[in-house]
Amino acid sequence: MTNTDKDSATQTKTSRLRELLSTRTLAIPGAFNALGAMQIERAGFEIAYVSGAAVSACRGVPDIGLLTLSDMATEAGRIARSVSIPTIVDADTGYGGPVQVAEAVRMFEEADLAGMQIEDQDMAKKCGHLAGKQLVSVAEMGAKIEAAVRAKTDQNFMIVARTDARAVEGLEAAIQRAMAYAAAGADALFPEALESAEEFRTFAREITKGGITVPLIANMTEFGKTPLLSVAEFEKLGYRGVLFPVTALRTALQAVDRLLAELKLFGSQKDWLHHMMTRRELYSLLRYTDTHER
């Protein structure tokens, strides 16, 4: 075991998350269930993300704030406990006002999450890349962040403040809101749905000019308003975490759609065997050994 491995083994997930986001820029794939999180860890990623959009989709509903705190704490906890790497959970608008946000922090800490993201949309939230969003006031969002910070029992648990202001009030408003959220105690800042590399650069530059040194998080979701930039490009722009929240789910769904179409047409899956994880490979992922398995 290397010294780095030893240090990682003795760290908590929360302290590990803080260290990772303070030292280098990382891709953070989204896990939509525990098995997917185990694949993320096995592939060598160091942080996982639980997207509200992905978990909602897996329950057959859109990402419009229908998941309850109990729903998300149960599913995110199952995901977080399946891996040794730290996991950040998407807590949407915080499930209510400051009291509910504080309760969310307590439940997610108990569920082994390392950080929690909250956004400044109104309770009737939408996907961050859709039109028609409404925001709460800066004061209301600041109060939620302050409540979240006070509620932490583990001071390394990270509060990630997301602002959706770019699409509603413009880039300058998004920058000013983010600065206010940092002043309220946010541990990281996440500008949603910026529309160019130059906007990401401007956001990072202005945050730095304001004397704010918390990590910046970017959302690299597909088919939205943000151009597809690489992790290396985001590193040059000043960002530490790059989320890929629904990438694995979208890929899996497309593959299943194509399989089902061919199964319906031909009545056999034999031409799909080379696309499948074998039983042995699945058992390896699950860390399951059966001496009778061949």
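Helical runs (DSSP H, four residues minimum) scored at -39500 (n - 2.57) apiece and divided by the length of the chain put the mean residue ellipticity at 222 nm at -14500 deg cm²/dmol. For the chain, the spread of Cα coordinates along the three principal axes comes to 60, 47, 38 Å, biggest extent given first.
Converting phi to 3J(HN,Hα) with the Karplus coefficients 6.51, -1.76 and 1.60 and the offset θ = phi - 60°, region 49-55 yields 10, 10, 8, x, 5, 5, 5 Hz in sequence order, with x at every glycine or proline.
For Ala43 and Leu265 in one chain, what is 0.36 nm times their gap in residues minus the Cα-Cα distance, to one decimal in nm?
Taking Ala43 through Leu265 to full extension adds about 76.5 nm, to one decimal.
Peptides 43-49, 206-212 ranked from most to least packed, by the mean per-residue count of other Cβ atoms within 10 Å: 43-49, 206-212. A simple count of charges around Gln117, restricted to other residues whose Cβ falls under 13 Å of its Cβ and scoring Lys, Arg +1 and Asp, Glu -1, yields -4. Relative to the dominant Cα principal axis of the chain, helix 13-23 is inclined by about 70°. Length gained on full extension, Thr278 to Glu110, computed as 0.36 nm times the residue gap minus the Cα-Cα distance: 57.0 nm. The packing ranking of peptides 29-38, 243-252, highest mean first, is 29-38, 243-252, where packing means the average number of other beta carbon atoms within 10 angstrom of each residue. Computed from backbone phi, the HN-Hα couplings of region 265-280 come to 6, 9, x, 8, 9, 4, 6, 9, 4, 6, 8, 9, 6, 5, 4, 4 Hz, rounded to whole numbers (Karplus: 6.51 cos²θ - 1.76 cosθ + 1.60, θ = phi - 60°; Gly and Pro given as x). Near Leu26, the amide H atoms lying under 5 Å from its own belong to Gly241, Val242; only residues 5 or more places off or on other chains count, and H is placed 1.01 Å from N. Per-residue packing, averaged as other Cβ atoms within 10 Å, sorts the ranges 199-205, 221-227 into the order 199-205, 221-227, beginning with the highest.
Placing R0 at 22 angstrom, the Cβ-Cβ distance between Cys58 and Thr12 gives a FRET efficiency of 0.20 after rounding to 0.05.
Throughout, read-outs are computed from the coordinates displayed, never taken from laboratory work. Since the model is a prediction, treat every value here as computed from it, not as a measurement. Because the Cβ atoms are built from the backbone with ideal geometry, glycine has one as well, and the counts that use them run over all protein chains shown.
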